[in-house]
Amino acid sequence: MTPSSNPAPLQPLEGKVALVTGASRGIGRAVAERLARDGARIACVATRAENATDTAAACSAATAGAKAYGVDVADTAAVASLVDEIRKDLGGLDVLVNNAGITRDQLIMRMSEEDFDRVIEVNLKGTWNFLKAAARPMMKTGGRIVNIASVVGVTGNAGQANYAASKAGVLGLTRSAAKELAGRGVCVNAVAPGFIDTDMTSGIPDNEREKLTAAIPLGRIGAVADIAEAVAYLAGPGGGYITGQTLIVDGGLSL
C-alpha cells in the first residue's frame, strides 16, 4: 500500500453530537469551535438563537451540522423540549458542555435577593436542567458531560458570594451525577477556569488586572483556548476513564 492510499485518520469526535450552552461568545464559543474541529456536529445554545448564529457559522467551517438554538437555561420545561429538538435535528447527543453562566457581583450586605437568585438559577439550576434532560438518552448510549465551574467555587471570592455558591454547587452536582451515571457509561466532570480573558472579565480596571496577573504563577491571564483544550480532552478519547473530577485550569492561581 502506498502512502497516498492510506485512509485519513478519523477526527476524535467524528459522528458525535455536542451541545454547548453559553455558546455565543467567550469560553462557550471557543469550546464549540474546538469540538467542531474534532469533528462533532454542534448545537450552539444561547439565550436567543440569533446570538449563537455566528458561532454556528464558524463551526460549520469545520464540521457539518452546526446549528444555533435559543433558550432560557433556567426554564426546566423549555430545556427538556430543546434537548429533544436537538437530538432530532442532529441525530443524537453524545457530549454536553454546560457553560452558560452570569455574574452579578456585589458584597453580601449590598447584594439583592434578585441578583442572588438569578445567578443561582442560571449557573446552577441551568446546569442541572441540561444535565437532567441529557441524562436519559445518554444512559442508553454513553456520553460525556463537562460542566464549566470556576476556581472561585473552590476558593470563594469577596464580592461574588452568589457566583461562588453557584459554582461550588456545580462541583457538588458534578460529583453526584458522576456516581449516578457511571454505571451507564456516562462520564461527568468539571473544568474550573481561573482568571480568563473574556467579556466577563474585560471590565476589570488595569491596576486590578495587573495584581491578578502577578498572583498567577504562570505569569499570564488565561485564554479561552486554554479552557477549550481541557474540555476537548475530557470530551474525547482521552477522557474515557475519568469521571467525577474537577480539572482546575488557572495557571496555578489557586495554589
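Listing for the model above:
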| item | result |
| --- | --- |
| Cross-chain or 6+ apart pairs with Cβ under 7 Å, the stretch 52-78 first and closer than 21 Å to Ala133 by Cα and among the acidic types (Asp, Glu), then outside any helix (DSSP H, G or I) and modelled with pLDDT of 95 or more | Asp72/Thr47 |
| Output for the stretch 60-76, where each listed residue is among the polar types (S, T, N, Q) and under 10 Å from Val45 (Cβ atoms) | none |
| Subset tally (residues that are among the polar types (S, T, N, Q) and surrounded by 14 or more Cβ atoms within 10 Å (Cβ to Cβ)) for the stretch 207-224 | 1 |
| Complete set of residues in the stretch 41-68 that are among the hydrophobic types (A, V, I, L, M, F, W, C), out of contact with any helix residue (DSSP H, G or I) (no Cβ under 6 Å at 6 or more places or on another chain) and over 24 Å from Asn123 (Cβ atoms) | Ala57, Ala61, Ala64 |
| So Thr174, is it in contact with a Phe, Trp or Tyr (Cβ under 9 Å, 6 or more places away or on another chain), part of a helix (DSSP H, G or I) and of a type in the set (Ser, Thr, Tyr) | no |
| Residue match in the stretch 191-206 (condition: over 27 Å from Leu107 (Cα atoms) and surrounded by 14 or more Cβ atoms within 10 Å (Cβ to Cβ)) | no |
| Residues of the stretch 161-220 satisfying the condition of being of a type in the set (Ser, Thr, Tyr) and either within 21 Å of the chain's Cα centre (by Cα) or at pLDDT 95 or above (or both) | Tyr163, Ser166, Thr174, Ser176, Thr198, Thr201, Ser202 |
| Flag if Arg136 is touching a Leu at 6+ places or on another chain (Cβ under 7 Å) and either assigned to a helix (DSSP H, G or I) or surrounded by fewer than 16 Cβ atoms within 10 Å (Cβ to Cβ) (or both) | no |
| Total residues in the stretch 142-164, condition in contact (Cβ under 8 Å) with a residue 40 or more places away in the chain, more than 18 Å from Asn189 (Cβ to Cβ) and either hydroxyl-bearing (Ser, Thr, Tyr) or in a helix (DSSP H, G or I) (or both) | 4 |
| Residues of the stretch 33-50 classified as without any contact (Cβ under 8 Å) to a residue 40 or more places away in the chain, surrounded by 24 or more Cβ atoms within 10 Å (Cβ to Cβ) and part of a helix (DSSP H, G or I), total | 1 |
| Given (1) in contact with a Pro (Cβ under 8 Å, 6 or more places away or on another chain); (2) of a type outside the set (S, T, N, Q); (3) part of a loop (DSSP other than H, G, I, E, B), number of the condition Arg87 does not satisfy | (3) |
| Those residues of the stretch 195-245 which are assigned to a helix (DSSP H, G or I) and acidic (Asp, Glu), in sequence order | Asp199, Asp206, Glu208, Glu210, Asp226, Glu229 |
| Unique residue being under 18 Å from Gly22 (Cα atoms) and among the charged types (D, E, K, R) when the list is Arg175, Arg184, Arg110, Arg144 | Arg144 |
| For Val188: the one exception among (1) under 20 Å from Asp226 (Cβ atoms); (2) in contact (Cβ under 8 Å) with a residue 40 or more places away in the chain; (3) not in a helix (DSSP H, G or I) | (1) |
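The values are calculated or read from the model by the stated rules, or taken from the named source; none is laboratory data. Worth saying up front: this structure is predicted, and the values here are computed from it rather than measured. Note: ideal-geometry Cβ built from the backbone for every residue, glycine included; neighbour counts use all protein chains shown.
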